[in-house]
1. When residues of the range 486-498 are filtered for being surrounded by fewer than 17 Cβ atoms within 10 Å (Cβ to Cβ) and touching a strand residue (DSSP E or B) at 6+ places or on another chain (Cβ under 7 Å), how many remain?
2. Among the residues of the range 376-404, how many are polar (S, T, N, Q) and outside any loop (DSSP other than H, G, I, E, B)?
3. Can we say Thr245 is touching a Pro at 6+ places or on another chain (Cβ under 6 Å), part of a strand (DSSP E or B), modelled with pLDDT of 95 or more and crowded, with 21+ Cβ neighbours inside 10 Å?
4. Residues that are of a type outside the set (D, E, K, R) and at pLDDT 95 or above: which strands (runs of 3 or more DSSP E) entirely in the range 503-599 hold 3 or more of them?
5. Quick check on the range 481-490. Is at least one of its residues in contact with a Leu (Cβ under 8 Å, 6 or more places away or on another chain), free of Cβ contacts under 8 Å to residues at least 60 places away in the same chain and assigned by TED's automatic domain parsing to the domain that holds Ser566?
6. Looking at the range 46-96, which of the residues that are assigned to a loop (DSSP other than H, G, I, E, B) and among the small types (Gly, Ala, Ser) is modelled with the lowest pLDDT?
7. If I ask for residues that are farther than 30 Å from Met525 by Cβ and either in contact with a Leu (Cβ under 9 Å, 6 or more places away or on another chain) or free of Cβ contacts under 8 Å to residues at least 24 places away in the same chain (or both), which ones from the range 570-587 would you list?
8. Would you point out which residue out of Gln489, Gln454, Gln494, Gln534 is over 24 Å from Gly578 (Cα atoms) and polar (S, T, N, Q)?
Amino acid sequence: MSTEKPIPATTPESLSGDLVDQVIHYHVRTKHHFNRYARSLGFLDWANQPDPFRRFEGAQLVPLPLLKSDEEPLSPAYEAIYEPGAVSCQSLNMRTLSRFFEYALALSAWKKAGESEWALRSNPSSGNLHPTEGYVVLPQLKGFDLKPGLYHYAPKEHGLELRAEFRADVVERLLGVFPQDAFLLGLTSIHWREAWKYGERAFRYCNHDVGHAIGTARIAAATLGWNMTLLDDVDQDTVAMLLGTDRKKDVGDAEPEHPDCLAVVWPNEAGKSEELEVMGREEVTDGKKRIPLFLDTTMAKESARATWYGKANRLSREHGVHWEIIDEAAEASWKRQTDKSIIYLQSKPFPLSDMLHDSRTTNDVGPSAGQIIRRRRSAVSFDGKTSISVATFFHMMQRVIPQAERPSLERPMPWDAWPYDPVIHLLIFVHRVEGLTPGLYFLMRDRRKVSIVQRAMNPELTWTIVPDCPDGLPLYWLLEGDAKRLAAQVSCHQDIAGDSAFSFGMLAEFEGTLRERGAWWYPRMFWEAGLLGQVLYLEAEAAGVRATGIGCFFDDPVHEIVGIQSLAVQSLYHFTIGGPVEDRRLQTLPPYHHLRSRS
């Protein structure tokens, strides 16, 4: 069943061509096959397991308040964060900033087995290795006991490390184009953390985790009535300069961080819902507030001429194998391109009745968003018998539809933070959904692209809209039958893909997107997949079941199921949702039990 093809050796000659060809080379080389997995060390070098916590020695740590769940700011109902205007806006202060990081990047619990303890976090991660680091650029804020500048978030201490002190007037001009009290969120990746376990495939997983973190940050902002959008017209050199990842003397012999992205976060004015619409620079409309999706590079350079603090800690004593192909993929996909897109803010919320939704609305208060976020876990095993209702399944599918055919300002949270039309669609193995025949289904996340995807697949597949679907849900039936064994087989023989209620592969419009937009779009496909996965992690928790991402799957055998024979469409990430089996040998401890003495 495998369609394995010979992988040419990585040579300077093979990497001197087009950047798109280079990232495609990486993608093809790092595929798993039935008779050969992508290259890795082959065992876990426990003596050199990376430290999961980056710190900067010599940088001042500013502790954030450790808030209880019943302390202000209180979390809104989970369903409310998806309804425009339903969550009142909180002012930016130390308590709200603490809550933002708690829901976005903080520890969510500790697990203990015997003498061993390990931390879980709000943002999911492949293998719980957490390559993603978070930063904020804060202006001088009234009542804030923080200097204007760049801060690194330290999740174990739930605090901010001052990496650079920016001049107040410079950072004010840098952020002055955004709404009042706006701040920047930056994300970086330490590739070594994933490569230690996963070898060459680690670049994929690091970018999955960036997408997870974009999702957790956007959802955390929504719980406070705040907005967020990706500033993806900023070139990567500027991201590196602003976040300090290009400061080699601050890294020394420690593991470097790869600068991924910047986003802007801002409180909505007067608690009103402000929607986003991405337009070209030439489409400026008088009387509308506007936000650029780019930064003033002059101000960014001026900010970087600051006083910097701290030296990065080394995460492993030795590194063993260095996976050069990861560096090559990161360099080839480096974003050099810039643009001048603008966000337009409207003050009138779009009506909820115009959005896809079912009978579950914010009138059914249910659990709070904070409860759902705190209890999110990645399942390690499913019971093979729990089913979900078709209504719950449809509701989950609606959550991941960005409504790309609508203007950007009408897209639901968290897709309002993603300034692109979707390129990821779902190939779904339905096992135990009450009211839905077991078999293979397909969710088109952008109905305008049905023909593009169909042309890449077996023309004999039946594309039939599922009966009784909520209006507008582009869910298609492809094949009928028991797919549990097949789902497990192509997911590296992992039972979790067949013992669940349903599982799916995230299929990307692949080569055409890269040829049209550039090699820098390769990581963004994984970001979109990770963001989608984060939405379904929380939806599973809200439905009383559990989810987990599956990074290990046999790439081309997945494609063969539906007759994909080219690079037009590629599977990037697998996911599964069902009834979890809890390991009762493990003890769960509060996330900050080690900081009990801190008020």
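1. Here is the first cut: in the range 486-498, the ones surrounded by fewer than 17 Cβ atoms within 10 Å (Cβ to Cβ) are 492-493, 495.
Filter once more, keeping what is touching a strand residue (DSSP E or B) at 6+ places or on another chain (Cβ under 7 Å): 492.
Residues in the range 486-498 being surrounded by fewer than 17 Cβ atoms within 10 Å (Cβ to Cβ) and touching a strand residue (DSSP E or B) at 6+ places or on another chain (Cβ under 7 Å): 1 in total.
2. Start the filter on the range 376-404 by keeping residues that are polar (S, T, N, Q), which leaves 378, 381, 386-387, 389, 392, 398, 403.
Add one more test, that the residue is outside any loop (DSSP other than H, G, I, E, B), and what stays is 378, 389, 392, 398.
Number of matching residues: 4.
3. The answer is no for Thr245.
4. Numbers: elements: 546-550, 569-578, 587-589.
Passing ranges, in order: 546-550, 569-578.
5. Of the residues in the range 481-490, the ones in contact with a Leu (Cβ under 8 Å, 6 or more places away or on another chain) are 481, 483.
Narrowing further to those that are free of Cβ contacts under 8 Å to residues at least 60 places away in the same chain: 481, 483.
Next, only the ones that are assigned by TED's automatic domain parsing to the domain that holds Ser566 stay: 481, 483.
Among the residues of the range 481-490, at least one is in contact with a Leu (Cβ under 8 Å, 6 or more places away or on another chain), free of Cβ contacts under 8 Å to residues at least 60 places away in the same chain and assigned by TED's automatic domain parsing to the domain that holds Ser566, which makes the answer yes.
6. We begin by selecting, within the range 46-96, every residue assigned to a loop (DSSP other than H, G, I, E, B); these are 49-55, 58-60, 64-76, 83-93.
Subsequent filtering for residues that are among the small types (Gly, Ala, Ser) retains 58-59, 69, 75, 85-86, 88, 91.
Numbers: Gly58: 97, Ala59: 98, Ser69: 93, Ser75: 97, Gly85: 88, Ala86: 93, Ser88: 94, Ser91: 94.
The residue in question is Gly85.
7. Residues of the range 570-587 that are farther than 30 Å from Met525 by Cβ, as a first pass: 579, 581-587.
Correct list: Glu582, Arg584.
8. Details: Gln489 fails: over 24 Å from Gly578 (Cα atoms); Gln494 fails: over 24 Å from Gly578 (Cα atoms); Gln534 fails: over 24 Å from Gly578 (Cα atoms).
None of the others qualify; the one that does is Gln454.
The values are calculated or read from the model by the stated rules, or taken from the named source; none is laboratory data. Note that the coordinates shown come from a computational prediction; the quantities given were computed from them, not determined experimentally. Glycine also receives a Cβ, built like all others from the backbone with ideal geometry; neighbour counts cover every protein chain displayed.
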